[in-house]
Amino acid sequence: APTRAQATPDDVNQAVQDALDAGDRESPPWEAGDAAQAPVRAAAPVRLPVRSPEDLRQKTLPAAAHTAQEAPEIVAIPVRTAPEPGARLQPLPSAAPAPARLVRTEEGDVWHATVQQLIAQEAITALVRELALQSQLVARDPDHWLLRVERESLNQPTARERLRAALEAAGHARQISVEVGVVIDSPARRNAHAAAERQRVAEEIVHNDPYVQQLMRDFGAKIVPGSIKPA
């Protein structure tokens, strides 16, 4: 019978060494007494950088701010509702204040015409002109006219005398008297009411114009209060 060769420790070590040299020459050999154990190579640990919360905030906040700046701005656009067909467009109220109360009188017709004539001839100016405009002719006879004003500051002796002289030069009364009281009909109030009526007519003409109504209906145009002035 053939004899079985006995493997010595040196033979085992040599065989293992040859296998290691062939597979991985960087691996260290093990000792002869550990031949039953497989060689184990520990993987090198991987170290991840650890960032503090402050570092994270510094990294994220600028990016968030940059994103907010680049975000498109949302603009609200008002939606105009078109008026119903056939609806009447109402004019805007005038910015001019309403004139004072006026009650026309027969003597007021005479006084208004007389004062307008004196102003046109430049026979009265300044305070005298204001006295004539703000006063009401209460009564008259061929030689004497009675006037009334609401403000005592207008009833100055110098102004009264100049107004009397202008009336006399125009062929009217030679004497006048001025009292303080309630005025309901004066040239100034008549002029204010006439101007208000001209303003109302001008606004009505503009508002009823077909082209203006089309602009208001189709494009939402508006008439600015106080922008319309009578010619």
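The values are calculated or read from the model by the stated rules, or taken from the named source; none is laboratory data. Predicted model, so just to flag it, every value in this text is computed and none were measured. Here the Cβ is made from the backbone with ideal geometry for all residues, glycine too, and neighbour counts use every protein chain on show.
Restricting the search to strands (runs of 3 or more DSSP E) fully inside the stretch 117-207 and requiring at least 3 residues that are surrounded by fewer than 15 Cβ atoms within 10 Å (Cβ to Cβ) gives 175-180.
Residues that are among the hydroxyl-bearing types (Ser, Thr, Tyr) and either modelled with pLDDT under 95 or out of contact with any helix residue (DSSP H, G or I) (no Cβ under 8 Å at 6 or more places or on another chain) (or both) within the stretch 165-206 comprise just one, Ser177.
Please determine whether any residue of the stretch 218-228 is surrounded by fewer than 18 Cβ atoms within 10 Å (Cβ to Cβ), on the phi < 0 side of the Ramachandran plot and not in a loop (DSSP other than H, G, I, E, B). Within the stretch 218-228 (the criterion being surrounded by fewer than 18 Cβ atoms within 10 Å (Cβ to Cβ), on the phi < 0 side of the Ramachandran plot and not in a loop (DSSP other than H, G, I, E, B)), the answer is yes, since at least one residue qualifies.
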